[in-house]
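**Q** Below you'll find the structure I mean.
No lab work stands behind these numbers, since they all come straight from the coordinates. Only a predicted model underlies this, so the values are computations on that prediction, with no experimental measurement involved. Cβ placement follows ideal geometry from the backbone for every residue including glycine, while neighbour counts extend to all protein chains displayed.
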Amino acid sequence: MANQAPGVRIDGLTVVYKTPAGELPAVRGVSLRLEPGSITGIVGESGSGKSTLALSLLNAVQPPGRIAAGSVEIDGLGDVTGLRGEQLRKARGKHIGYVFQAAQNSLNPLKTVGKQLLDLGRSHGVDDLRGLVREARELLGRMGLDGARVLDSHQHELSGGMRQRVGIMLALVLNAHLVVLDEPTTALDMITQANILKIVREVHAERGLTTLVITHDIGVVAEVADRLAVMYGGRLVEQGPTREVLGAPRHPYTQGLIKAIPRLVGDIDEARALPGRPPALATVPKEGCVFRERCPSRMDVCDTVDPEPTADGPRIVACHAVTAPVAEPGTLDKEHA
Amino acid sequence: MTLITRRLAGHLARGLVMILVVATITFFIVNNIPGDPMAARYEKLIEGGMSPEAAKQAVKVLYGFQPDGSMWQQYTDYLSGLFRLDLGVSVTRPGTPVLEVLGEAAKWTVLPVLAGTLLSFLVGIILGVFAAIKRTGKLGDALAISGSLLHGIPQYVLAMLLVVIFATLIPILPADGSVDILFEPGFNAGYLGSLAEHAVLPVLTYALSAYGGWILAMKSSVVTVLGDDFILAAELRGVKRSIVFRYIARNAILPLFTLLALSLGLLLGGAVFIEKIFNYPGLGWLLIGSVQDRDYALMSGAFLLITAATIVANIVADLFYTVIDPRVRGGEGAS
């Protein structure tokens, strides 16, 4: 088992969902690298495909969806889109930890946390179950909980923040070094949110993880992520170092998102809502740019040609208006080397 | 544990009050039905040449009944009898306590209905799981349709259908009765075999008519649990399939246990038509007989027994839930 942070390379990933109108892409041609030891944040609106992308990392896209093209290479595991059955099951939990949204009930309501921990240990052939319990107690204690008490509790006896910490514990207790957090702070109050983010940051550093955070809250990403990727209509429209992207957004969608954030100081009216609404699975344009309907810098070429992600130093943007279009078609080079 | 004891005490108190209310209502209803068998008998004795005093005495000895007692007095007599588990004396079977008659009949109802219910429950929930997992395929459709179909046929129609098929068209099973009188009652092969043979059609009726409800309820319960986040969460943590299956099964079966306990409560009163059709000497058969004979004591006793069974089943269902569902057990704070 790899005892250091793995790198992840997602290449040309397309995930389609089977609908009465045929197979429609929820994620289309997405390429993304997670550097070993980094925290990457993916932001996007509901339905932008970010959760589907997160599930692809565990090859866990739920039917009627399926991975139609592309690969997800994880150090120490290989291409997870090729994993099946027992191999896949063993990779989940042991190599890749997945933390569910806090509001969701990710625990069996009829069993104590401790018993579910033992189920997890047995599933992964852990011989030293006592050691596992000790490890879990330490992790929970590290996150400010009374480990022994929490292990003896049922889900309904825990608050949202406590459940989320239990979720993080279960994702890490088997010593996984790649952790995916899907909306880790949604539905938590501000103080608990801040607490959870602090824990994510600290645990990430202490244990040497590669972390992916999925959220619709730019604030969360700004707080924890080294790199930021913005998703829209199943496409990654912009990515780069968090500070640079937030400080000087290039894609019109990212610019719109940041303008829409109300400031603590100043007039509330300074925040500009993005006009229009995001596309749903069935309304994503078949050709051309996915964002053109709401784009202030729309050009003719946007109707017909889908802008390719183009690297400029550490930043990648998929927009005709940014990458001076027409003359030279965008390079397919996703590696910002 | 104290919580369960407290709960039990509360239930018992409420149950007793309910039984008392039901006993009161049935007493007054039954006593106000036109046609008074006691008065009829009393007058018959007088017509036979007995003095009113002697007739009164005879009725009192035979039935424990005072023809000229007020309704109120009869009511208090009845209630005080109840507390000693004395339900009075059967009118049509002079000298036999109602409780004894009921007890004799109850075993003919309880065993076949219990067998039928448990059989249908087991088969129904197991097939219900398959109906849920294969719900998009042909097998799932077939199972669901079998459930709806059997659920839709009235129990007595099913009973008559079975008689026609297995006693008339293919005469392999007896159409009615509980046992052949040829055999010496006791623990011998002939008697037990005859008992079993006679029980097949009633049990099958109970089982088939209940099966549809179980398979449909279990199917929808499993489908609900399959959509729950914690199942996906367990899969994403790499929990073994067999363990995930246990998570699904235990969560899905929970609401069905309540239904099971309740249906066991209805077990005493639910077999009226069926016992009539199969001429099976259980409680339902007894109840119909007592109505026809105007055996008021027996009637009230039967009603009361059926009510009490339902109330007890409710209590059992609730307590059972307390044991199997930690969310109900918990209450306040940590366990």
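**Q** Modelled label-to-label distance, A:Asp189 and B:Leu79, 7 Å Cα→beta-carbon offset: nm?
**A** 5.4
**Q** Any chance you could run the full-extension gain for B:Leu3 through B:Thr258? It's 0.36 nm times the residue separation minus the Cα-Cα distance, nm to one decimal.
**A** 89.8 nm
**Q** Can you compute 3J(HN,Hα) from phi for each residue in the range B:171-185, using the Karplus curve 6.51 cos²θ - 1.76 cosθ + 1.60 with θ = phi - 60°, rounded to whole Hz and x for Gly and Pro?
**A** For the range B:171-185, the Karplus curve yields x, 10, 10, x, 7, 8, x, 10, 6, 6, 6, 4, 8, 6, x Hz.
**Q** Sticking with this structure for a sec: Whole-Hz ³J(HN,Hα) for each residue in the range B:306-317, computed from phi via Karplus 6.51 cos²θ - 1.76 cosθ + 1.60 with θ = phi - 60°, x for glycine and proline: what do you get?
**A** Per residue, the Karplus-derived 3J(HN,Hα) values read 5, 4, 4, 4, 5, 5, 4, 4, 4, 4, 4, 4 Hz.
**Q** I've got another one for you. Out of A:Val230, A:Ala282, A:Thr215, whose Cα points farthest toward the positive end of the dipole of the range A:175-333 (charges: +1 Lys, Arg; -1 Asp, Glu; placed on Cβ)?
**A** Projecting each Cα onto the dipole axis, the largest value belongs to A:Thr215.
**Q** How would you classify the range B:203-335 from its alpha-carbon gyration tensor, with a ≥ b ≥ c the square roots of the eigenvalues: rounded for a/c under 1.5, else prolate if a/b is greater than b/c, otherwise oblate?
**A** oblate
**Q** Would you tell me the mean number of C-beta atoms belonging to other protein chains that fall within 10 Å of each C-beta in A:154-160, as a whole number?
**A** 3
**Q** Please give the calculated 222 nm ellipticity per residue for chain A, where each DSSP H segment of at least 4 residues contributes -39500 (n - 2.57) and the sum is spread over every residue; nearest 500 deg cm²/dmol?
**A** Mean residue ellipticity, 222 nm, calculated: -9000 deg cm²/dmol.
**Q** Among A:Gln4, A:Gly121, A:Val15, which residue has its Cα positioned farthest towards the positive end of the charge dipole of chain A, with +1 placed on the Cβ of Lys and Arg, -1 on the Cβ of Asp and Glu, and the dipole taken about the Cα centre?
**A** So the residue furthest toward the plus end is A:Gly121.
**Q** Then there is this: Which of A:Ile96, B:Ile243, B:Ile46, B:Ile181 has the fewest other C-beta atoms within 10 Å, and how do the rest follow up to the most?
**A** Lowest to highest Cβ neighbour count: B:Ile181, B:Ile46, B:Ile243, A:Ile96.
**Q** List the aspartates and glutamates whose alpha-carbon lies under 19 Å from that of A:Lys286, not counting same-chain residues fewer than 8 positions away?
**A** Of all the aspartates and glutamates, those that pass the test against A:Lys286 - Cα under 19 Å, at least 8 places apart if same chain - are A:Glu23, A:Asp300, A:Asp303, A:Asp306, A:Glu308.
**Q** Calculate how steeply helix A:129-142 sits against the longest principal axis of the alpha-carbon atoms of chain A, using the helix alpha-carbon long axis, and give the answer as 0 to 90 degrees to the nearest 10.
**A** Here the helix axis deviates by roughly 60 degrees.
**Q** To continue, here is another question. Among A:His95, A:Ser46, A:His320, whose Cα sits farthest toward the positive end of the charge dipole of chain A (+1 at Cβ of Lys/Arg, -1 at Cβ of Asp/Glu, about the Cα centre)?
**A** A:His95
**Q** State the number of lysine pairs found in chain B whose Cα atoms come within less than 18 Å, restricting to pairs 8 or more positions apart or on distinct chains.
**A** 5
**Q** Set the Förster distance to 30 Å, then compute FRET efficiency between B:Arg246 and A:Ser46 from the Cβ-Cβ distance, nearest 0.05.
**A** Between B:Arg246 and A:Ser46 the formula returns 0.35.
**Q** For the range A:101-152 and the range A:275-298, write down the distance between their C-alpha centroids in whole Å.
**A** 44
**Q** Any aspartates and glutamates with Cα under 13 Å of the A:Lys18 Cα? List them, leaving off those in the same chain fewer than 8 positions away.
**A** Once the sequence-local aspartates and glutamates are set aside, nothing remains near A:Lys18.
**Q** I would also like to ask the following. Work out the FRET efficiency for B:Val21 and B:Ile288 from their Cβ-Cβ distance, taking R0 = 22 Å, and round it to the nearest 0.05.
**A** 0.30
**Q** Still on this structure, I have one more. Taking amide H atoms as placed 1.01 Å from N in the peptide plane, list the residues 5 or more away in sequence, or in a different chain, whose amide H sits under 5 Å from that of A:Leu228.
**A** For A:Leu228, the qualifying residues are A:Gly41, A:Gly240, A:Thr242.
**Q** Taking 0.36 nm per intervening residue step and subtracting the Cα-Cα distance, what contour gain separates B:Tyr156 from B:Ala13 on full extension?
**A** Gain on extension, B:Tyr156 to B:Ala13, equals 47.8 nm.
**Q** Arrange B:Phe121, B:Phe245 by Cβ neighbour counts within 10 Å, fewest through most, would you?
**A** Starting with the residue having the fewest Cβ neighbours, the order is B:Phe245, B:Phe121.
**Q** Starting from the Cα of A:Arg207, move 7 Å in the Cα-to-Cβ direction to define the label point; list residues of the range A:173-194 whose amide nitrogen is under 16 Å from there.
**A** Residues passing the 16 Å test: A:173-182, A:184.
**Q** Suppose R0 equals 25 Å; then what is the FRET efficiency for A:Glu244 and A:Glu35 from their Cβ-Cβ distance, rounded to the nearest 0.05?
**A** Step by step, r from the Cβ atoms, then E = 0.95.
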